[in-house]
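The values are calculated or read from the model by the stated rules, or taken from the named source; none is laboratory data. Computed from a predicted model, the values in this text were never measured in an experiment. All Cβ positions, glycine included, derive from the backbone under ideal geometry; neighbour counts span all protein chains shown. The protein model used for the area step is the full one, side chains on, heavy atoms only, and it has no ligands, DNA or RNA in it. Shrake-Rupley method; radii C 1.70, N 1.55, O 1.52, S 1.80 Å.
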Amino acid sequence: MRQYLWKLLLLVAALTGLGLYLYHNQDYITKFPIEKQVALHHPSQAAADGKGNWYIIEDAKQSILKLGQDGTQLAKIKAPLASEFVSLTSKDPTLKNDDRTYLTYDQVLPAPDGTLYAVVRLMDINALTLKHEAVVRYSAEGELDPSWVGYSRPYSVAEQGSLRGGTIRSLAFKENKLFMITQESDVELDLHEWDDKLDRFSKITSTHIPSESGVADISGVKSQELIYATKKGEIYYASERIYPQTRTGQNGIFADHVQVVGNDVYFLDEYGSSVKRFSSGNPAKVETLFTQQDAAAKLVSGPEAKVALSDAPLESLGVAPDGTVFVALGRHAVQLMSGRELQVLEYSGSTRTQQYLIWAAFAVAAVLLIWLFKILYVNIMPHSLIYKQLFVLIPLISLSMLSLALLVHTDFRADTELEVRRALTYLAHDGQNLVDAERLLKIDSPQDFMNEDYKALKEKLSFKDNYGKFYMMIYKYVDRRLYDVLEDDNDVRMFDSFEVSVHDTAVSACMVRDKYTSEFLEVDASFDYSKALEEQTFVTCKSQDENGTWLFALGPLYNAEKTKVVGIYEAGINTHALDARMKTNWNDTLKQLTGFAILILIVVLVVTLLLLKSVRNLSVSANQIAKGQWNTRVKVSSQDEVAALGHTFNNMSEEVEKKVLELREFRDAYRHFVPEEFLNYLGKRDIRHVNLGDQVELDMSILVTNIRHFDDFMEDMKDKTRDNFNFINRFLHEVSPIVDQNNGEVSKYLNHGILAVFPNSPGEALRAAVEMKRALDRYNSHRAGKGKARIDVGIGIQQGPLMLGIIGAEERLEVNVISDSVQFAMVLEEISDKLGATILLPARVLQQIPERDRFQARSLGKLQLQGSLSGPIELYDVFEADDEETRRLKQKTKDLFESAITKYQQGRFYDAREAFLQVIRQNPGDKIAQLYFYVCDEYRSGMKDDWKGTLDV
């Protein structure tokens, strides 16, 4: 489990790092690297610095995109929060609440030193009423300077109504000085210059403009060089109209987005259908640089794609100091560089590489997330019930609550939007009472801006109880086309036209009100809007443009006879307030459901923990049984399924305990026949795995002991069969446990003795032999008290390789030990009585016993055993366990005896005979000394030819 914990920590750390990286580069996630063309989002203005960089206001005026001339995305500046401005002079408390304001960029001006100036407008939550206007500054790195507010102007709704446009008309740099132009009245412009000493703008002059012209775009910083466009689509230079040269009254000409570079004046004409240029010194010579069709042909291929852009006007005209022209068409941009062809602005290699990196990071994050889930659900979850609950219930409850929240939010938004659509439809219906259709019919071109009929219509749209909750527009309807005539804030290209039956990608979610049932029905792109409006049906739609997202209703306007549709009245809202309310509702719903989910999860976890407590008790008890605590039982305190499981466990435990006891009895029983150590030697777990022929070669010490003169005991027994068994079992009862105590195993019971093996040191076999003799002495004392004969034994010990295995037939198996060493040990036991010794073992074996000095023993010399082919062998008589008198006499004559053997081996038979004679005189019962004495006496007359200093036995 620990290894998975480290992997989890590493994966979480990696995902956190990738998440932060993706968050800081989230703008690239929406751009696929395969898209080469720069993608803009509802651009509204473009400005250039002297280094070839473009600054584009986009995202419904919510951000400023900085692009290199080669298409490198250098930065993206998000609109600041109202609370970041520390020098606002407005006393409106709602400006301090970021959730109650809507902030947009209106103009942007790059400075020669790399800084950036921008005009910021703070709207109310409905995004239809201006509350504050300010000029802010950004560093070259794109960081807002909150302490610098060059211009700050509050607006009052009560005094100025639902004003959306501010008073700042232009920002400009000239000779490294910052200038600003404002308009406080319809006939006058105020020029301001930044004063570094006063740290504010100072008014330097005012200039008169034509009355009721409606100034739109201004270039220049001095009265005599001001060039500006008007709401009539005309261009003025120093208060004189220079384009068009004559007022034709035709509605096809409309100039705006005026830009001045040097003496050249650039502008969009024909409602965004072309980019034109003329010299301020020769305004009559107008040059068309390129048209909307030229730009569309560069952007797309195929007839369907060209049709999709055929109705989209050119927007956001910008001109760099070197004369490079930038313009937006739809969501793309084209630029015309001096001396080059019109080209589509594409992302640079570095930007596309960055996009690939972002998507690669996204893919890596997805793989790591899958790996994380694999560890959680495959490697960790199966190990614990609590993990299963957590890893299954948390996602399940979270997804369920999220789905429920989404369902509630979607239904609530749909119901709210439907109510808003219904309210807007009522407002659109009131347009028939507000708009004088006869005056609308008299307006034929932008030249009618602010004439008597225009003012009359506008007066009807400027009632005071509006306060910026919704906007109103009036269109003229001619031959299935709509012409922009009037908007309550004069923020439209007058007499710009479009077909209402053509599907517009910016318009979505349209619904039509059934005039019979008043129900709202969804419509698709094939819906004929013109026919519906002509049939007195109201239509509501959503749209997006450079000013935001709008929800509006369209209603027909009829002539005085009510027989013909002559116009369309539009009433709508900016959805910012609605989106803000929906966001608040979503957050509140999510919080409530999250609280419920957490509560449910806590209850489930508590129940699970209580359940796990009982399961853990069962697990602990099962482990105790596994460790051999067979009497383990669990305490049952409930009456549920876990309690039933506990009772079943206890029953099982009782049965297991009975079976284990039976197995123990069985094991103890077969151990009487097959020692457990023998099975270990053979590598078998128990007797069930033993097969005929299983064998293993081992190096062990062998001990053989038998009762001497057993036939004599048989003669004294009354019931020879029964008394024989009792006598043998009593004898074995005395000596067998001593073998176990010295790490040996009884391999076989002989007729009246045992064969035992010792796997470790031969010292254990010798120690067992000594202890056997002493135990037998104690038993003999007990027998002597009952007048019974003494039992005497002989013991032979050998050490060497042997074969331990299973012999017999399939029906009858037996463990046996086969080896020359076993036979030799039996021979030693047989001759021990003849040699007057109790314990005999070879000198080689005795030398292997580290503690041999603790045992009293004497060398018997080299003996040639009868029938042995291995040659003479030196034997030792260990008399450590002999009776006290015998032990004393052997120890007393040990040196004399061993010196006599040395003389015998040297062939000094006379000297050896005399020495052995002295041993016999001191210890008349020394049988081996007597044998040597007789042989010496025999060899005095001459030894055998093959004599090797040994004693034949």
**OP:** Quote the relative contact order of the chain in percent (integer), defining contacts as alpha-carbon pairs under 8 Å separated by 6+ residues.
**Re:** 7
**OP:** Could you work out how far apart the two model spin labels at residue 239 and residue 516 are, taking each label as a point 7 Å from the Cα in the direction of the beta carbon, and quote it in nm?
**Re:** 6.4
**OP:** Run the dipole for the chain about the Cα centre, Lys and Arg Cβ at +1, Asp and Glu Cβ at -1, nothing else charged, and hand back the magnitude in debye, nearest 20.
**Re:** 3240
**OP:** Enter the per residue convex hull volume of the chain, computed from alpha-carbon coordinates, in Å³ rounded to the nearest integer.
**Re:** 367
**OP:** Tell me which residues come under 5 Å, amide H to amide H, from residue 123 once H is placed; ignore anything under 5 positions away on its chain.
**Re:** 102, 103, 104, 131
Original post:
So, how do all the Cα-to-Cα distances of region 431-577 break down into 5 Å bins, in percent, from 0 on up?
Top reply: 2, 9, 19, 24, 21, 17, 7, 2, 0
**OP:** Measure off, as a whole percent, the carbon and sulfur share of the 1.4 Å-probe accessible area of the chain, all protein chains present.
**Re:** 52
Original post:
Considering region 835-953, what Rg and Dmax in Å follow from its alpha-carbon atoms?
Top reply: 14.1, 43
**OP:** Just name one of 268, 443, 139: the one whose Cα is farthest towards the positive end of the charge dipole of the chain (beta-carbon charges, Lys/Arg +1, Asp/Glu -1).
**Re:** 139
Original post:
When the helix-only estimate is applied to the chain (DSSP H runs of n ≥ 4, each -39,500 (n - 2.57), divided by the residue count), what is the mean residue ellipticity at 222 nm, nearest 500 deg cm²/dmol?
Top reply: -12000 deg cm²/dmol
**OP:** Compute the label zone of residue 612 within region 398-431: residues whose backbone N is under 20 Å from the point 7 Å along Cα-to-Cβ.
**Re:** 398
Original post:
Roughly how many whole Å is it from the C-alpha centroid of region 836-876 to that of region 605-648?
Top reply: 65
Subject >> Accessible-area ranking of 429, 332, 132, largest first, probe 1.4 Å >> reply: 429, 332, 132
Subject >> Nitroxide proxy distance, nm - points 7 Å out along Cα→Cβ at residue 599 and residue 922 >> reply: 10.7
Original post:
When the chain is fully extended, how far beyond the present Cα-Cα distance does residue 373 get from residue 906, taking 0.36 nm per residue of separation?
Top reply: 182.7 nm
Original post:
Stretch residue 535-residue 656 to full length: gain in nm at 0.36 nm per residue minus the Cα-Cα span?
Top reply: 34.5 nm
Subject >> Local net charge near residue 203, Cβ-Cβ under 12 Å (Lys/Arg +1, Asp/Glu -1) >> reply: -4
Subject >> Ranking by accessible area, most exposed first, for 483, 749 with a 1.4 Å probe >> reply: 749, 483
Original post:
About the Cα centre of region 881-952, what is the dipole size in debye to 20, counting +1 per Lys and Arg Cβ and -1 per Asp and Glu Cβ, all else neutral?
Top reply: 180
Original post:
residue 510: accessible area at probe 1.4 Å, nearest 10 Å²?
Top reply: 10
**OP:** Starting from the Cα-Cα distance between residue 273 and residue 436, subtract it from 0.36 nm times their residue separation and give me the gain in nm to one decimal.
**Re:** 55.5 nm
Subject >> Label-point separation, residue 10 to residue 403 (7 Å along Cα→Cβ), nm >> reply: 3.6
**OP:** Sort 44, 316 by accessible area with a 1.4 Å probe, largest first.
**Re:** 44, 316
Original post:
Taking amide H positions as placed 1.01 Å from N in the peptide plane, with prolines and chain starts having none, which residues 5 or more places from residue 566, or on another chain, fall under 5 Å of its amide H?
Top reply: 557, 558, 559
Original post:
Going by Cβ distance under 4.7 Å, what cysteines of the chain have no possible disulfide partner?
Top reply: 936
Subject >> Local electrostatic count at residue 473 - Lys and Arg +1, Asp and Glu -1, tallied over other residues with Cβ under 14 Å >> reply: -4
**OP:** With a 1.4 Å probe and every protein chain left in place, tell me how much accessible area residue 834 has, in Å² to the nearest 10.
**Re:** 110
Original post:
What are the ³J(HN,Hα) values, in whole Hz, obtained from phi via the Karplus relation 6.51 cos²θ - 1.76 cosθ + 1.60 with θ = phi - 60°, for each residue of region 587-594 in sequence order, with x given for Gly and Pro?
Top reply: 5, 5, 4, 5, 5, 5, 5, 5
Subject >> Area accessible to solvent at residue 373, 1.4 Å probe radius, in Å² >> reply: 100
